[in-house]
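Can you read through this structure? Questions will come right after.
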Amino acid sequence: MFKFSHYHRFTIAVTHMAARKSHRLPQMAGASSSPFETAKKPRTMATGSSAIKDEFAKHAEYLNNLNEKRERIVKASRDVTMNSKKVIFQVHRISKYNKEEILSKAEDDLAAVTNQFMAKLVKELQGTDFWKLRRAYTFGVQEYIEAATFCRFCKTGTLLNLSEINSSLLVLSDKSIEPLQINVLDYLLGVADLTGELMRLAIGRISDGEIEYAQKICQFVRDLYRELIVIVPLMDDHVEMKKKMEVMLQSVTKIENACFSVHVRGSEYIPLLGTDNPDFSFFGISDFE
């Protein structure tokens, strides 16, 4: 009886499992016959994604406008640099015979640089964060400061200060917008470059026999170097200024050596300086015909 009962239960279980399997096969066959009906639908972007897209579009537009502005500023800075150099070359033509004429012409040229080319920089940079674009215009501003301070020294023997330069730029600015103001670092870098031009001017004045004027230039450059060498170590970013100070020291040394040579050997140099018909016999050669 035990065997019969066990066999009976086994048969019933097998029959039940076969019935369940035969019931599931049509469903599986129906599913495989139409795969497109059960394919997953593509996901649609959430409604918030359009807002993100618009936000990134605004950032892209801002960066494009910033890059275009940077290109315009670089071009304007290049024009300022080129024309400021022309002013410096004009001042170097100065002599004791044409000082007033040359300085008047140089001041007119500098005014043209201010009104035509610096005005473009002011227009582009007013009302913006100047430090974002400083690398695009700093070299033009430094050259402009060098030319302006060079003209002032040759005319009055004094240094043009930063407030005077910024005041001259206010005239070019829109009063309703924050105006461009040259920062202290660019001003000091421009003044450091000034000493190189003063060194060339001093050597030229010695060759024309203006020894006292050269000594005045020497003292002025010394004073600049003495003051700046105290300030530079206290600056946050003084890498550029440190390089300029090394060049400034070389300029000071060259002027001092020239003035010292004339002072020590003045009896030999003075007859040869500032004359239209120099005596070349001092150099061991005959006069040129």
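The values are calculated or read from the model by the stated rules, or taken from the named source; none is laboratory data. Everything numeric here is computed off the predicted structure, so don't read it as measured data. Please note: Cβ atoms are built from the backbone with ideal geometry, for glycine as well, and neighbour counts cover all protein chains shown. Surface areas here come from the heavy atoms of the whole protein model, side chains and all, with no ligands, DNA or RNA. Shrake-Rupley method; radii C 1.70, N 1.55, O 1.52, S 1.80 Å.
Could you run through region 172-202 and say how many residues are within 24 Å of R135 (Cα to Cα) and outside any helix (DSSP H, G or I)? Outline the logic, then answer.
So the first thing to find is which residues in region 172-202 are within 24 Å of R135 (Cα to Cα), and the list is 172-174, 177-197.
This time we only want the ones that are outside any helix (DSSP H, G or I), so: 172-174, 177-183.
Residues flagged as within 24 Å of R135 (Cα to Cα) and outside any helix (DSSP H, G or I) within region 172-202 amount to 10.
Please state which one of S167, S173 is without any contact (Cβ under 8 Å) to a residue 24 or more places away in the chain, among the small types (G, A, S) and within 25 Å of A112 (Cβ to Cβ). Step through it out loud before you land on a result.
Numbers: S173 fails: without any contact (Cβ under 8 Å) to a residue 24 or more places away in the chain.
On inspection, the qualifying residue turns out to be S167.
Of these, A119, A111, which one is open to solvent by 10 Å² or more (accessible area, probe 1.4 Å), more than 16 Å from the chain's Cα centre (by Cα), within 30 Å of E210 (Cα to Cα) and of a type in the set (A, V, I, L, M)?
On the way: A119 fails: within 30 Å of E210 (Cα to Cα).
So the residue among A119, A111 that is open to solvent by 10 Å² or more (accessible area, probe 1.4 Å), more than 16 Å from the chain's Cα centre (by Cα), within 30 Å of E210 (Cα to Cα) and of a type in the set (A, V, I, L, M) is A111.
Right, next: Just checking, which of V232, V221, V252 is part of a helix (DSSP H, G or I), open to solvent by less than 30 Å² (accessible area, probe 1.4 Å) and more than 21 Å from F150 (Cβ to Cβ)? Working first, answer last.
Values: V221 fails: more than 21 Å from F150 (Cβ to Cβ); V252 fails: more than 21 Å from F150 (Cβ to Cβ).
Among V232, V221, V252, only V232 is part of a helix (DSSP H, G or I), open to solvent by less than 30 Å² (accessible area, probe 1.4 Å) and more than 21 Å from F150 (Cβ to Cβ).
For residues in region 127-174 being among the hydroxyl-bearing types (S, T, Y) and under 17 Å from V74 (Cα atoms), which is surrounded by the fewest Cβ atoms within 10 Å (Cβ to Cβ)? Explain how you work it out, then say what you get.
Taking region 127-174 as the starting set, the residues that turn out to be among the hydroxyl-bearing types (S, T, Y) are 128, 137-138, 144, 149, 156, 158, 163, 167-168, 173.
After this cut, where a residue has to be under 17 Å from V74 (Cα atoms) as well, the list is 128, 137-138, 144.
Values: T128: 15, Y137: 26, T138: 19, Y144: 28.
Looking at residues that are among the hydroxyl-bearing types (S, T, Y) and under 17 Å from V74 (Cα atoms), I get T128.
Residues of region 112-160 being under 19 Å from I177 (Cα atoms) and of a type in the set (K, R), which ones?
Answer for region 112-160, where residues must be under 19 Å from I177 (Cα atoms) and of a type in the set (K, R): K120, K123, K132, R134.
Sort out which residues of region 239-267 are touching a residue at least 40 places away in the same chain (Cβ under 8 Å) and among the aliphatic types (A, V, I, L, M), and write them in order of number.
Of everything in region 239-267, those that are touching a residue at least 40 places away in the same chain (Cβ under 8 Å) and among the aliphatic types (A, V, I, L, M) turn out to be M241, M245, V247, M248, V252, I255, A258, V262.
May I pose another question? Pull up region 111-170, narrow it to residues that are of a type in the set (D, E) and in contact with a Lys or Arg (Cβ under 7 Å, 6 or more places away or on another chain), then point me to the one that is nearest to V184 (Cα to Cα). Give the steps one after another, and end with the answer.
Going through region 111-170, the residues of a type in the set (D, E) turn out to be 124, 129, 143, 146, 164.
Still in the running and in contact with a Lys or Arg (Cβ under 7 Å, 6 or more places away or on another chain): 124, 143.
On the way: E124: 20, E143: 14 Å.
Filtering region 111-170 for residues that are of a type in the set (D, E) and in contact with a Lys or Arg (Cβ under 7 Å, 6 or more places away or on another chain), the one nearest to V184 (Cα to Cα) comes out as E143.
Filter region 176-185 down to the residues that are free of Cβ contacts under 8 Å to residues at least 24 places away in the same chain and within 21 Å of the chain's Cα centre (by Cα) and list them by number. Quick ask: steps written out before the conclusion?
Filtering region 176-185 down to residues free of Cβ contacts under 8 Å to residues at least 24 places away in the same chain leaves 176, 184.
Selection gives V184 alone.
Answer yes or no as to whether R205 is part of a helix (DSSP H, G or I), surrounded by 18 or more Cβ atoms within 10 Å (Cβ to Cβ) and free of Cβ contacts under 8 Å to residues at least 40 places away in the same chain. Explain how you work it out, then say what you get.
On the way: part of a helix (DSSP H, G or I): yes; surrounded by 18 or more Cβ atoms within 10 Å (Cβ to Cβ): yes; free of Cβ contacts under 8 Å to residues at least 40 places away in the same chain: yes.
So R205 passes the test.
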